[in-house]
Structures are given as C-alpha cells and as structure tokens.
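One structure below.
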Amino acid sequence: MARKIRHIPKVVTKLYRKDFYHQPGTLPGTIFIDENAEPPTIFLIDYNQTNFIRKQIATPEECAPYLDTESVSWVDVQGLGNQDILQRLGRVFDLHPLVLEDVVNVPERPKIEDYEDQLLFIARMVVPKDKTCGFYSEQVSFILSKNYLLTVQEEPEHDCFEGVRVRIDRNKGIIRKQRTDYLAYALLDAIIDGFFPVLELYGERIEELEEEVMVNPTRQTLQNIYQVRRELLQLRRAIWPQRDAINSLIRDGSELIGEEVRIYLRDCYDHAVQVMDMVETYRELASGLMDVYLSSVSNKMNEIMKVLTVVSSIFIPLTFVAGIYGMNFNTEKSPYNMPELNWYWGYPICLAIMAAIAFALLFFFWQRGWLKNSSTIKPD
C-alpha cells in the first residue's frame, strides 16, 4: 500500500481533520487522487482592455494557444478527481512535479514557492453555509506566470470568485487594464474577504450562546460552545499561515509581482491581520463562555440546594412537634403525660402552632435575603 488518504467532507462539522501524508519512501512528485473527489472542470477567461472571452474548456490542450498571448488568460480548474487530466494539465503548463504534487495532494499548508518563471501560492478558502453557523473549506492553488494565471480549486460547488468574474465581464475598475499579478491579487483579496461573512455568523452565534448561558444553560449549550471553539480553531489554522505567506510575498517580492500590485497586497495583508484578530477574539469569547457555563451550572445547583435547605429547615421543627405528640403517653398515669391530647381544640391548636412556626421561619429567611435567586444573570 503506497498511501493513506482519509476523505474529509467540505462542510466543517467534524472536530478534527486528518491530513494527507505519504508513506515513507514515496517518490517525490507522486500525486494521489481521492476516490471521492469531483472530476475537474476547466474554465477559461481571456481578456484585455477591449476584448473578453469566457468559456468552458473540454481538454487541457485547448488552453495552450492562450498561454503566450499578450492578453491575460485565467484558467480555472474546479475539481481534483481525474489523474490523467491533471497530469496533462501539468504538461501543458510546464508545471514542476513538486508543484503538481502540492496542488493535487490536499490539504497543504498555505504557502508560497517561487519557481523563477512561475509563482505558486496555496491558500485556503472558506465560504459560509446558508443561514447557519458553519462554513465550507477548500484549498485553492495559484500558479502565476507572466501572461496567465492557473487556479486549481479542490471542489466546484463553492467559491468566492464570482465578484471578480463580474468585474472582468463588465469591465469595472482597473482589472482589465492590469496584468496577471493584479488578477492574482484580486482573487487572493476575495479569499481573505470571504472570511468576514463567516466570522459575522460566528459573532451572532456567540451572542446567542451568551444569552443562553446566562438564562438557561443546558448540556446542549455546552456541546454548542465546544463545537464553536473547534470550528474557530479550523479558521485560525487556515488564516495564520495565509497571513504569513502574504507577508513573505510582500517582503521578499518576485519578478512576477509588480511594485504597484505589492502596494495592493499590503491592503490584503491588513485584511488578513484583521481576520486573525477577530478569530482570536472570538476564541477568547468562546473560552470565556465555557467558564460562564460552568459557573452558571454551579450557581443553579446552589439555588437548588438552597431551596432544599429552606424546606428542610422549616420541616425540622414541625417534625419535632409532630414527633412529640406522636408518643401518646397515657394521661391517666400522670397529669404531666401530654394533657393536650384530651383538649377539645388540641389538634387545631397544634396545627396552628406548626403553621406559625413555618411562617415565622419563612419571614426570618426573607428578612435575611435567603429566599432571593442570586444566580440569575439578566442579559443586557
């Protein structure tokens, strides 16, 4: 057996993700295809200031005529489920075997590699689920050259590039006037900005959990807090190396990245730092919710024990009175042997005394403030 791969669903519902790894001694550059991966679909967008072409490509070889033109060519491959197509794609674009390995064998840690005439950038893209907390996560690989940009997405269902496609199609902004390095920046910026809608959902979810923890914490609340913490950890693992890779690209530079685009990359880096700060803040809030939950449960238990203690304290003297008059000493033997047993109003008087004792104790507890609920926290 030459490999070990565990298929991981794109929806982040698991707490842990088992990464791909090679068996020791595997030949460098070897690619492995997940049997559950989607078959690749190839899309081409070729443009300049005046012309625009957008179409689906049937074979990798059809991309070759667009690679040496003066226009900008964006080849977007969606899916990693066909080894033959991916290898042919590597030959058409003259990809180094290690580049193709990094692109296909997912997940890879976000990073940047300079291959002189090509620049490899591996990023992780997240897309929020519809109206629910959670997100789809996939790897996106950028292979940047002078006249073309090749992007390889892990799966075709979700991406955050539609805004960039619309800008190219409608010739909005300066994107049609720029080269491939600006296109790569625009796509990378869309990936970084895609973290903000996801974090907005988690901010709302944390607010709901705060109210739930304060008002009515349950075991399900604890499970929800734990799930949010683990998913925020997944986001942190995605954005942390991505931020470092962008910083490395700005600091070290590349012949394929112009000075003007490097200025734009600084703004992209600032967004990545902002995302990182938000992730860390939400993780601290989630950790604090865990402490608040434990305190709330402890206070709730204290209130239960207080009620039981008050009830027990009231019934202790009543039990004492009832126990005395339950001994039934014979009054004929001695006038001191519970003469109250022969009274006409003895039983009602005894009940009245017991009721008076109970109300007196309740009044005493109320005066001391022991009957108030001290564990309830009112949300703002």
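Summary of computed values
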{"read-out": "Criterion: under 24 Å from Asn36 (Cβ atoms), touching an Asp or Glu at 6+ places or on another chain (Cβ under 6 Å) and crowded, with 16+ Cβ neighbours inside 10 Å - qualifying residue of Glu101, Glu108", "value": "Glu108"}
{"read-out": "Subset of segment 134-153 (residues that are under 16 Å from Val75 (Cβ atoms) and either modelled with pLDDT under 90 or in a helix (DSSP H, G or I) (or both))", "value": "Lys146, Asn147"}
{"read-out": "Hits in segment 163-222 - residues which are small (Gly, Ala, Ser) and crowded, with 17+ Cβ neighbours inside 10 Å", "value": "Ala184, Ala186, Ala190, Gly194"}
{"read-out": "Unique residue being modelled with pLDDT of 90 or more and at negative phi when the list is Asp76, Asp68", "value": "Asp76"}
{"read-out": "Within segment 210-219, considering residues that are among the hydrophobic types (A, V, I, L, M, F, W, C) and closer than 14 Å to Met290 by Cα, the one modelled with the highest pLDDT", "value": "Val213"}
{"read-out": "Members of segment 191-217 found to be of a type in the set (Asp, Glu) and over 15 Å from Ala286 (Cβ atoms), listed by number", "value": "Asp193, Glu200"}
{"read-out": "Some residue of segment 230-238 being more than 30 Å from Asn147 (Cβ to Cβ), touching a Gly at 6+ places or on another chain (Cβ under 8 Å) and not aromatic (Phe, Trp, Tyr)", "value": "yes"}
{"read-out": "Members of segment 163-189 found to be free of Cβ contacts under 8 Å to residues at least 60 places away in the same chain and closer than 24 Å to Leu86 by Cβ, listed by number", "value": "Val164, Leu187"}
{"read-out": "Residue that is modelled with the highest pLDDT [pool: residues in segment 170-209 that are of a type in the set (Gly, Ala, Ser) and part of a loop (DSSP other than H, G, I, E, B)]", "value": "Gly194"}
{"read-out": "Some residue of segment 229-248 being assigned to a loop (DSSP other than H, G, I, E, B) and either surrounded by fewer than 17 Cβ atoms within 10 Å (Cβ to Cβ) or under 20 Å from the mean Cα position of the chain (by Cα) (or both)", "value": "no"}
{"read-out": "Residue within segment 298-320 that is outside any loop (DSSP other than H, G, I, E, B), under 30 Å from the mean Cα position of the chain (by Cα) and surrounded by 12 or more Cβ atoms within 10 Å (Cβ to Cβ) present", "value": "yes"}
{"read-out": "Positions within segment 36-75 being in contact with an Asp or Glu (Cβ under 6 Å, 6 or more places away or on another chain) and touching a residue at least 24 places away in the same chain (Cβ under 8 Å), in sequence order", "value": "Glu38, Phe43, Tyr66, Ser71, Ser73"}
{"read-out": "Extreme residue, farthest from Arg219 (Cα to Cα), among residues of segment 283-296 that are touching a residue at least 60 places away in the same chain (Cβ under 8 Å) and in contact with a Lys or Arg (Cβ under 9 Å, 6 or more places away or on another chain)", "value": "Ala286"}
{"read-out": "Checklist (1) without any contact (Cβ under 8 Å) to a residue 40 or more places away in the chain; (2) crowded, with 17+ Cβ neighbours inside 10 Å; (3) not β-branched (Val, Ile, Thr) applied to Gly253, failing item", "value": "(2)"}
{"read-out": "Of all residues making up segment 11-56, the number that are under 16 Å from Gln139 (Cβ atoms), in a loop (DSSP other than H, G, I, E, B), modelled with pLDDT under 70 and of a type outside the set (D, E, K, R)", "value": "2"}
{"read-out": "Within segment 347-380, tally of residues that are modelled with pLDDT under 75 and small (Gly, Ala, Ser)", "value": "3"}
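The values are calculated or read from the model by the stated rules, or taken from the named source; none is laboratory data. Keep in mind it's a predicted model, so treat the numbers as computed, not measured. Every residue, glycine among them, receives a Cβ derived from its backbone with ideal geometry; neighbour counts consider all protein chains shown.
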